[in-house]
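Novice: To start, I am sharing the structure in question, which I have written as structure tokens.
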Amino acid sequence: MGKIDRTNSIDSYRPCAIYYEQSDSLEYVRQDTPVIYRRIDDFLTLILAMDNRAPLGFKLKGFRHFYLRHLKKNYHSERQEFLTLVKIVEDALCVLGDKVFDDEKRIAYQRAIDIAQSDNVEVRDFPSMAAHG
Amino acid sequence: MDKLVHPFRVIDGGGQTPARWLDIPSAVIGRSPYRRDENVVYRIAQHDARKALEHGRKQPLLDLWSVVLGEIPPVNNALAKWGKTAEAHGLSSLLSAHACFRGIKRPAGNDDKGFDFYAFVSKPAIFFVYDPSIGCVIKPSYVPDDVVHVTYVRLDYPEGRPAKECSMVPNGAVGVVTHWEFVEAHRDAPNLPTNFTERYRQQKW
């Protein structure tokens, strides 16, 4: 392999919320390490370290749908550059309401809120189709 | 006559071919969602893995190479260092999937119910992690026993390709690999994802 390998030159990971279009999910993870995904419900998945299962982040699934139906209409204007991730998860909790009534789910949502709050995560990456729609 | 102003600008690294591990293959061979003994080709959605990489997140791409494609990620010296080890022989690909489910029970893009997504479950023993050391920046790592890997595929024609319509792609791919992830295994069925009956709509095989 004579070519220059730029594995080292890729910037080190800066934690941020990334919208993945193909899986239609907004993901925030604190570290670039091997992780496992623990499904909580059809909206929230916690991301845990593979070795010790410590919570490292979370993923909001079906985000385009949620963004169009709730966030864009109520909060996100053309002039606004970002929304806080805490606000998004809290809004999801309001929308889901009684569906997040059992303890396990409530704890998981609280954990996601804690991560978003302590890391002060801003979401600047939104579904592009939806953003123009 | 006014001189034309050319908007030339320097593109850093624009003249170099990309490093091999960043050159993601366009397709992968996997099992058919309808028949386990039949092989088909899937395209690989590259945009999301590249996007993660733009933010410095390498692990999703390493997972793609080592668990979906079943190859040692082609970074410098990796093949020389790990190619002949026992670990390298423990790699498995999408072709090693032992279970397939249809429907992910949540909206995904334009698919309100995620019904046209298929989840292929495999149980790889080894994957590669980023761990720079002298000679190579990646190393093999064991997948814990209580973890399985799921690769998600969206079919182009979930109800079958219309009779007169030929595949528009040269490799004859029938769908696209959209994302992939490690999940915890079910307690009573350690080869399947935990709560698989809640996660997916139906088991195909």
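Novice: Please enumerate the residues belonging to the stretch A:27-44 that are within 13 Å of residue A:115 (Cβ to Cβ), of a type outside the set (Lys, Arg) and under 13 Å from the mean Cα position of the chain (by Cα).
Specialist: A:27, A:28, A:29, A:44
Novice: Could I ask something else about it? Cβ-Cβ under 8 Å, sequence separation 6+ or interchain: first residue in the stretch B:31-55 and more than 7 Å from every other protein chain (Cβ to nearest Cβ) and on the phi < 0 side of the Ramachandran plot, partner among the hydroxyl-bearing types (Ser, Thr, Tyr) and part of a strand (DSSP E or B). Which pairs?
Specialist: If the second residue must be among the hydroxyl-bearing types (Ser, Thr, Tyr) and part of a strand (DSSP E or B), the pairs left are B:33/B:118.
Novice: Would you check which residues across the stretch A:1-16 are facing chain B (nearest Cβ under 7 Å) and at pLDDT below 90 and list them?
Specialist: If the condition is that a residue be facing chain B (nearest Cβ under 7 Å) and at pLDDT below 90, then A:1, A:3, A:4, A:5, A:6, A:7, A:8, A:10, A:11, A:12, A:13, A:14 are the ones that fit.
Novice: So which residues in the stretch B:171-186 are under 23 Å from residue A:35 (Cα atoms) and either of a type outside the set (Val, Ile, Thr) or without any contact (Cβ under 8 Å) to a residue 60 or more places away in the chain (or both)?
Specialist: Residues satisfying the conditions are B:179, B:180, B:181, B:182, B:183, B:184, B:185, B:186.
Novice: Let me confirm something: among B:57, B:43, B:31, which residue is touching a helix residue (DSSP H, G or I) at 6+ places or on another chain (Cβ under 8 Å) and charged (D, E, K, R)?
Specialist: B:31
Novice: Out of the residues in the stretch A:28-40 that are in contact with a Leu (Cβ under 8 Å, 6 or more places away or on another chain) and farther than 20 Å from residue B:142 by Cα, state the one that is surrounded by the most Cβ atoms within 10 Å (Cβ to Cβ).
Specialist: Of everything passing the filter in the stretch A:28-40, A:29 is surrounded by the most Cβ atoms within 10 Å (Cβ to Cβ).
Novice: Can you pull out every residue in the stretch B:128-142 that is closer than 24 Å to residue B:186 by Cα and out of contact with any strand residue (DSSP E or B) (no Cβ under 6 Å at 6 or more places or on another chain)? Quick ask: steps written out before the conclusion?
Specialist: Taking the stretch B:128-142 as the starting set, the residues that turn out to be closer than 24 Å to residue B:186 by Cα are B:128, B:141-142.
B:142 - this is the single residue of the stretch B:128-142 that is closer than 24 Å to residue B:186 by Cα and out of contact with any strand residue (DSSP E or B) (no Cβ under 6 Å at 6 or more places or on another chain).
Novice: Identify, from the list A:86, A:100, the residue that is modelled with pLDDT under 85 and either under 25 Å from residue B:60 (Cα atoms) or surrounded by 16 or more Cβ atoms within 10 Å (Cβ to Cβ) (or both).
Specialist: One residue alone meets the criteria, A:100.
Novice: Within the stretch A:17-41, can you find the residues that are more than 7 Å from every other protein chain (Cβ to nearest Cβ), in contact (Cβ under 8 Å) with a residue 60 or more places away in the chain and of a type in the set (A, V, I, L, M, F, W, C)?
Specialist: A:17, A:26, A:40
Novice: Here's something else I'd like to know. Evaluate the stretch B:19-36: report whether one residue or more is among the basic types (Lys, Arg), assigned to a loop (DSSP other than H, G, I, E, B) and within 15 Å of the chain's Cα centre (by Cα).
Specialist: no
Novice: To continue, here is another question. Taking the stated definitions as given, is residue B:115 in contact (Cβ under 8 Å) with a residue 12 or more places away in the chain and assigned to a strand (DSSP E or B)?
Specialist: Values: in contact (Cβ under 8 Å) with a residue 12 or more places away in the chain: yes; assigned to a strand (DSSP E or B): no.
Taking the combined requirement at face value, the residue does not satisfy it.
Novice: Filter the stretch B:118-145 down to the residues that are at the interface with chain A (Cβ under 9 Å from one of its Cβ atoms), in a loop (DSSP other than H, G, I, E, B) and touching an Asp or Glu at 6+ places or on another chain (Cβ under 9 Å) and list them by number.
Specialist: Correct list: B:144 only.
Novice: Within the stretch B:66-105, count every residue that is more than 17 Å from the chain's Cα centre (by Cα), of a type in the set (Gly, Ala, Ser) and closer than 15 Å to residue B:152 by Cβ.
Specialist: Count: 1.
The values are calculated or read from the model by the stated rules, or taken from the named source; none is laboratory data. Note that the structure is a prediction, hence the values are computed from the model and not measured. Heads up, the Cβs are rebuilt from the backbone with ideal geometry, glycines too, and the neighbour counts pull from every protein chain shown.
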